[in-house]
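One structure is given here, and the rest of the page talks about it.
The values are calculated or read from the model by the stated rules, or taken from the named source; none is laboratory data. This is a predicted model, so every value here is computed, not measured. Positions of Cβ are generated from backbone atoms using ideal geometry, with glycine treated the same way; all protein chains shown enter the neighbour counts.
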Amino acid sequence: MADELPPLITDEMRAQIGKESAPTTMEVDKTAIRMFARSVGHTDPIYYDEAAAKAAGYRGLVAPPGYLGTPVFNPDAASRRGGGGMFGGPEPSRPLRRILNGGTEIEYLNDICAGDVLTATTHVANYEETKGSLGEMLITTSKTVYKNQDGKVVAISTGTGIRY
């Protein structure tokens, strides 16, 4: 009988489920909105023309779907990041060399407009271990909550990462 491998999901990983990351600040500015909208092919004037956005009932240019601001770079925070492996947390019991983005879903709960400053916090929501045609896989589900400058939750992003 072959030796069975221990589970990929370690106790250290399980202990991280639900623990919120340090906040990241995201700025939503006019130029970035226009550039993102243009790069993905949006043609609605609410992404380019403030008057059109306001006429449609928004406070200003609207952030297009998928754009949740640009992270504000902080060189001090970047130098302290270190450790934690590829995904910023504990590593599985064995290395899995390949990584695949399993998709991202964004639930919008409020408008995001130019001038907003968002605060994002992320946590691992779930780990799942399974086998595929290429061998064992670790599926990580993470959630990021975005709040605006008034403390209102404006979006929740759910991401799936697959290691195999």
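Computed quantities for the displayed model
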item	result
Subset of the stretch 144-161 [among the charged types (D, E, K, R) and either at pLDDT below 95 or outside any strand (DSSP E or B) (or both)]	Asp150, Lys152
Test set (1) surrounded by 10 or more Cβ atoms within 10 Å (Cβ to Cβ); (2) part of a loop (DSSP other than H, G, I, E, B); (3) at pLDDT below 95 - Ala77 fails condition number	(2)
Residues being in a helix (DSSP H, G or I) and crowded, with 17+ Cβ neighbours inside 10 Å - total across the stretch 51-74	1
Options Leu5, Leu96, Leu109: the member that is farther than 18 Å from Thr141 by Cα and modelled with pLDDT under 95	Leu5
Residue identified as modelled with pLDDT under 95 and under 20 Å from Thr119 (Cβ atoms) among Ala22, Ala63, Ala32	Ala22
Conditions (1) closer than 12 Å to Ile156 by Cβ; (2) free of Cβ contacts under 8 Å to residues at least 60 places away in the same chain: number failed by Ala125	(2)
Near pairs, Cβ below 6 angstrom, 6+ apart or cross-chain, from the stretch 88-103 (among the hydroxyl-bearing types (Ser, Thr, Tyr)) to any residue that is assigned to a loop (DSSP other than H, G, I, E, B)	Ser93/Pro6; Ser93/Leu8; Ser93/Thr10
